[in-house]
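Engineer: Supplied in structure tokens, the structure appears directly below.
The values are calculated or read from the model by the stated rules, or taken from the named source; none is laboratory data. Please read these numbers as outputs of a predicted model, since none were measured by experiment. Cβ sites come from the backbone with ideal geometry, for glycine too, and all protein chains shown count toward neighbours. These area figures cover heavy atoms from the full protein model, side chains too; ligands, DNA and RNA do not enter into them. Shrake-Rupley method; radii C 1.70, N 1.55, O 1.52, S 1.80 Å.
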Amino acid sequence: MSSPRPPLVQNTYHRARVSLAGAWSYIVDPYETGFRNQRNWEPFPQEGAPKDRAFFLDRRREGAADRVEYDFDSSPTMQVPGDWNHQVEAIRYYEGVVWYRRRFDHAPAPGRRLFLRFEAVNYEAHVYLNGSLLGRHEGGFDPFEFEITDAIRAEGNSLVVRVNNRRERHTVPAMTTDWWNYGGITREVYLFETPGGFVRDYHVQLEGGESDVVSGFVELDPAHEGVEVEVAVPEACIRVLATTDREGRAAVSWRAHGLRRWTPESPVLYDVVVRAGGDEVRDRIGFRTIETRGADILLNGEPVFLRGISIHEEIASVPRRAYSREDAAALLGHARELGCNFVRLAHYPHNEHMARLADETGLLVWEEIPVYWGIDYANPAVYAAAESQLEALVRRDRNRASVIVWSIANETPPDAVRTDFLRRLKAVVRRLDRQRLVSAALDRTESGEDGGYSLDDPFAGESDLVSCNQYLGWYYGTPADCGRKQWRLDPGKPFFASEFGAGARAGRHGPREEVWTEEHQAWLYEEQLAMLERLPTFRGCSPWVLMDFRTPRRNLSGVQDHWNRKGLLAPDGSKKLAWHVLRAFYECVARREARRAAQREETSA
Ligand code: GCB
């Protein structure tokens, strides 16, 4: 959550940028000395403090007293972007405060505006430029930015970031997660420039249903009325003009005739150019529709089955947080090899490269915010943190054709307060994006004499895609129980198996009844898939999980060693037996879906 700021600038990757990647000095500060106003530390201005207060980092140069018990100049450095856990052995398990500093020179061209953008800092960031607090941001996986046009100096800027990744009851996620709490400036940091008046935001997408219309808006900063705005798709000979209203917004729409549809098999992207005043910004955008009809998910009006996999944003071979385009290519490459047309980016917003690459290579995407176990739903500050993360994600990625699902929660025990929390989040999504599917990974309920499964969660009725995590055959029962399990599902909605899985230590073999063996995991996959295939509304799944991942809560020595072993791939990339089971299933499904599509075409001809 941040103090009210204007909405994020759209598509900053296509602006003139200067990266601040590289070696940053750091100070590990477990006792919060930097915030405590100690005699030998200059007080750090906190929120509400005067902006012009001298900042301690410049003290030495400005002739301050000798006895100063910190010194960035003599401190060690680490690479930004990058989590601290994998870079500095001594703080691999650390959760707390680390101060970062980077000096840089930059002289913006006259008349240009300059912004400082962080793609993500986990979890809380206080950002200081030349001794003044630019602001604070809360949320470990969403971008934030500050305009620094007036705060920058041509030479000798000192940028300091206090990063705090302490888990708290009031954070989102909260105290318990089943993933590694990688701390630090985990994604890219850069400066970007715009003209004095510029295109702050835009959104264009194909409307659902039969309408065949692309609609959207362009928003300018500053918000001047009566400015002419142009949106062009040169390859399709489309050029639309509109004029801004008092809010600096202009609605645009055009008929989509002649625009080829984006699909995973043919991920067509068009150059889209947005011009206004002296500004021009270019994007690559695909056009497709996504909706549901009864139990079917329709992509461009045609039923689609989601051959998915759940993915954490981690490069397990190191292990470290993933953040770059190369990292995205590696993770999504595995999904493609598995035969997927869909990925679930669990359990928090992944970096922007993931959705951009999915757009380019043809993968459908589920994006999610970390409203996860143990959230304090009754706390308004917690709601505000969740909302701010959701809003940043939707604003960042709503021009991506690949993204078809916004998921707002994972395994959240239903009660009235939680349900109200989720409903409010859903309303936020609907305000920002009318078209995509809204979902949440819900828990199954067991009921009746047969112990059948259903989804009695009230949010199931509010989800476009009814999604369920269940671990039958792993946390409860054996894989053989899948054959007997009854399900009672809403016949009028698509059912999506957002998680199932079993742990297996790669290289461990034995009879299929023996847990932690690859055989056991493969057996679980066979039984689960057979069970799900029997459900008439089953329209896809994203089993748990692509790769083994680091997590401090998995303590079984010799097997887990702080890894969740439900990966289909081991950390070194080697394939477990279950990989081949899922791969074969997806091959079959892809053939079946292609046959059905051909039949539909025949009947309609
Ligand atoms: C779940 C969670 C996921 C865990 C997984 C597990 O239900 O959504 O974050 O990692 O189970 O392995 O238990």
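Engineer: Around residue 266, under 14 Å between beta carbons, what's the net of Lys plus Arg minus Asp minus Glu among the other residues?
Structural biologist: Residues near residue 266 contribute -1 overall.
Engineer: Let me ask another. Arrange the peptides 387-393, 568-574 so that the one whose residues have, on average, the most other Cβ atoms within 10 Å appears first.
Structural biologist: 387-393, 568-574
Engineer: Still on this model: For a test of the definition: using alpha carbon positions, the gyration tensor, and the 1.5 limit on a/c, classify the stretch 143-191 as rounded, prolate or oblate.
Structural biologist: It comes out prolate by the Cα gyration axes.
Engineer: Which shape class applies to the chain: rounded if a/c is under 1.5, otherwise prolate when a/b exceeds b/c and oblate if not, where a ≥ b ≥ c are the square roots of the Cα gyration tensor eigenvalues?
Structural biologist: Oblate, since a/c reaches 1.5 and b/c is not below a/b.
Engineer: To two decimal places, what compactness ratio does the stretch 246-391 give when its Cα radius of gyration is scaled by 2.2 N^0.38 Å?
Structural biologist: With N residues counted in the stretch 246-391, Rg over 2.2 N^0.38 Å equals 1.25.
Engineer: Once each part is reduced to its C-alpha centroid, what is the distance from the stretch 527-546 to the stretch 209-281 in angstrom?
Structural biologist: Centre-to-centre distance over Cα atoms comes out at 39 Å.
Engineer: Just to confirm, what accessible area per residue do you get for the stretch 184-303 at 1.4 Å probe, in whole Å²?
Structural biologist: Solvent-accessible surface per residue comes out at 40 Å².
Engineer: Quote the accessible area belonging to residue 137 in square angstrom, nearest 10, computed with a 1.4 Å probe and with ligands, DNA and RNA left uncounted.
Structural biologist: Here the accessible area works out near 10 Å².
Engineer: So how do 77-86, 579-588 stack up, highest first, on mean other-Cβ count within 10 Å?
Structural biologist: 77-86, 579-588
Engineer: Over the chain, what relative contact order in percent results from Cα pairs under 8 Å that are six or more residues apart?
Structural biologist: Reported relative contact order: 11 percent.
Engineer: Using the alpha-carbon centroid of each, what span in Å lies between the stretch 64-131 and the stretch 371-411?
Structural biologist: 27 Å
Engineer: While we're here: For the stretch 100-182, what relative contact order do you get, as a whole percent, if you take Cα pairs closer than 8 Å and at least 6 residues apart?
Structural biologist: 38 percent
Engineer: What size of dipole, in debye to the nearest 20, comes out for the chain about its Cα centre when the only charges are +1 on Lys and Arg C-beta atoms and -1 on Asp and Glu C-beta atoms?
Structural biologist: I would put it at about 400 debye.
Engineer: Same structure, new question: So, R0 is 30 Å and r is the distance between the beta-carbons of residue 32 and residue 75; what FRET efficiency does that work out to, to 0.05?
Structural biologist: After rounding, the FRET efficiency stands at 0.95.
Engineer: How high is the relative contact order of the stretch 454-563, in percent, with contacts defined as C-alpha pairs under 8 Å that are six or more residues apart?
Structural biologist: 24 percent
Engineer: Also, I was wondering about something else. Under a 1.4 Å probe, what is the accessible area of the stretch 336-387 per residue, stated in Å²?
Structural biologist: I get 20 Å² per residue for this part.
Engineer: Probe of 1.4 angstrom, ligands and nucleic acids ignored: what's the accessible area per residue over the stretch 87-180, in square angstrom?
Structural biologist: 33 Å²
Engineer: Oh, and also: What is the packing order of peptides 181-187, 516-522, 430-436, 554-560, taking the mean over residues of other C-beta atoms within 10 Å and listing the highest first?
Structural biologist: Ranking the peptides 181-187, 516-522, 430-436, 554-560 by packing returns 181-187, 516-522, 430-436, 554-560.
Engineer: On a C-alpha basis, how far is the centre of the stretch 550-605 from the centre of the stretch 300-328 in Å? Whole number, if you could?
Structural biologist: Here the two parts' Cα centres lie 12 Å apart.
Engineer: Is the shape of the stretch 97-200 best called rounded, prolate or oblate, per the rule: a/c under 1.5 gives rounded, else a/b larger than b/c gives prolate, else oblate, with a ≥ b ≥ c the square roots of the Cα gyration tensor eigenvalues?
Structural biologist: Note, shape of the stretch 97-200 comes out prolate.
Engineer: Check each of the GluC sites (Glu not before Pro) in the stretch 405-513 and keep only those in coil by DSSP with at most 10 other C-beta atoms within 10 angstrom; list them in order.
Structural biologist: Qualifying residues, ordered by number: 449.
Engineer: Hey, what number do you get for the chain at 222 nm if only DSSP H runs of n ≥ 4 count, each worth -39500 (n - 2.57), divided across all residues, to the nearest 500?
Structural biologist: Here the helix-only value at 222 nm equals -5500 deg cm²/dmol.
Engineer: Moving on to the next point. Summarise the accessible area of the chain (1.4 Å probe, protein heavy atoms) by the percent that is carbon and sulfur.
Structural biologist: C and S atoms contribute 49 percent here.
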